[in-house]
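Read the structure below first, then the notes.
The values are calculated or read from the model by the stated rules, or taken from the named source; none is laboratory data. None of these values were measured; they are calculated from a predicted model. Heads up, the Cβs are rebuilt from the backbone with ideal geometry, glycines too, and the neighbour counts pull from every protein chain shown. Quick note on the areas: whole protein, heavy atoms, side chains included, nothing else; ligands and nucleic acids left out. Shrake-Rupley method; radii C 1.70, N 1.55, O 1.52, S 1.80 Å.
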Amino acid sequence: MTSLSTDAPDRYRRLSSRFTEIVGAVPPSSWSRPSPCDDWTALDVLSHVTTTQLDLLGRMPFAPEDVVARVDCTDPLAAWPTVRDLVQGSLDTPSEADCAYEGYFGPTTFADTISSFYNADLVLHGWDIATAASLSAYAIVDLDEIIRVRGDFEPYQDMIRMPGIFGPEREVGSGASDQERFLAWTGRRTS
């Protein structure tokens, strides 16, 4: 099975770099602030991104168990760069990127899962962290990513509208921007 996501390594590199910039810009006092994700602080959001990506790696037959086991996700600020680099290394290795497995929605590859789901996490949760920390310069979602993320999730409407994924779509006014409409579609409040 060859990955459908031939741009997965470059896209992940770009999105994870932006996410890392956002994480680096958060003042220490802002990590405990509430995020747009219900009941999560900014640090909880970072912990989610870090642990879910490490969990995916841990399920892959190519992941060195001793390396994955040594990553301490109880400190997501320290763990994030390690997890990011492990994911990137696997995406840059064709045999690992194309590793087929049975995903939540059927047969897939490591690269396709990163491209379809975990890259969306970087986009959305980057916005969540930036918003929680009042980093307005980083609270902007690229229009190309809005289109791509929405396109990736549209086929799963029924499955993503559940606690822990997307809430119900929120209404926005007729003058809402593409970003506001997109975020409302994911169930997020923009004001």
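What to note about this one:
- Note that the range 71-86 has calculated 3J(HN,Hα) couplings of 6, 9, 7, 5, 10, x, 5, 7, 6, 3, x, 5, 4, 4, 5, 5 Hz, one per residue in order, obtained from phi through the Karplus relation 6.51 cos²θ - 1.76 cosθ + 1.60 (θ = phi - 60°); glycine and proline are x.
- Rounded to the nearest 0.05, the FRET efficiency derived from the C-beta distance between Glu65 and Arg170 at R0 = 35 Å is 0.25.
- Ser35 - accessible surface, heavy atoms, 1.4 Å probe, Å² rounded to 10: 20
- A Gaussian network model of the chain, with springs between Cα atoms under 10 Å, assigns the largest mean-square fluctuation among Thr51, Thr74, Thr20 to Thr74.
- Using a probe of 1.4 angstrom and keeping all protein chains present, the accessible surface of the chain works out to 51 square angstrom per residue.
- Shape summary of the chain, radius of gyration then Dmax from alpha carbon positions: 16.3, 53 Å.
- Thr41 long-range amide H proximity, modeled H, under 5 Å: Ser35
- Carbon-plus-sulfur accessible fraction, the chain (probe radius 1.4 Å, protein heavy atoms only): 54%.
- Intensity falloff of the range 143-185 expressed as log10 I(q)/I(0), Debye formula with alpha-carbon point scatterers, at q = 0.16, 0.25, 0.32 Å⁻¹: -0.43, -0.95, -1.16
- Most positive-pole-ward Cα, Pro155, Phe182, Ile114, against dipole of the chain from beta carbon charges: Phe182
- Taking θ as phi - 60° and the Karplus parameters 6.51, -1.76 and 1.60, the scalar couplings of the range 150-161 work out to 4, x, 5, 8, 3, x, 10, 2, 5, 7, 8, 8 Hz in sequence order, x denoting glycine and proline.
- In this structure, the amide hydrogen of Gly103, modeled 1.01 Å from its nitrogen in the peptide plane, lies closer than 5 angstrom to those of Thr108, counting only residues at least 5 positions away or on a different chain.
- Over the range 25-73, the reciprocal of the mean inverse Cα-Cα separation, the Kirkwood hydrodynamic radius, stands at 12.3 Å.
- Rel. contact order, % - alpha carbon contacts under 8 angstrom, at least six apart, the chain: 25
- When you restrict to C-alpha pairs under 8 Å that are six or more residues apart and normalise by the size of the range 78-191, the relative contact order lands at 14 percent.
- The sum of -39500 (n - 2.57) across all DSSP H runs of n ≥ 4, divided by the residue count of the chain, sets its helix-only mean residue ellipticity at 222 nm to -16000 deg cm²/dmol.
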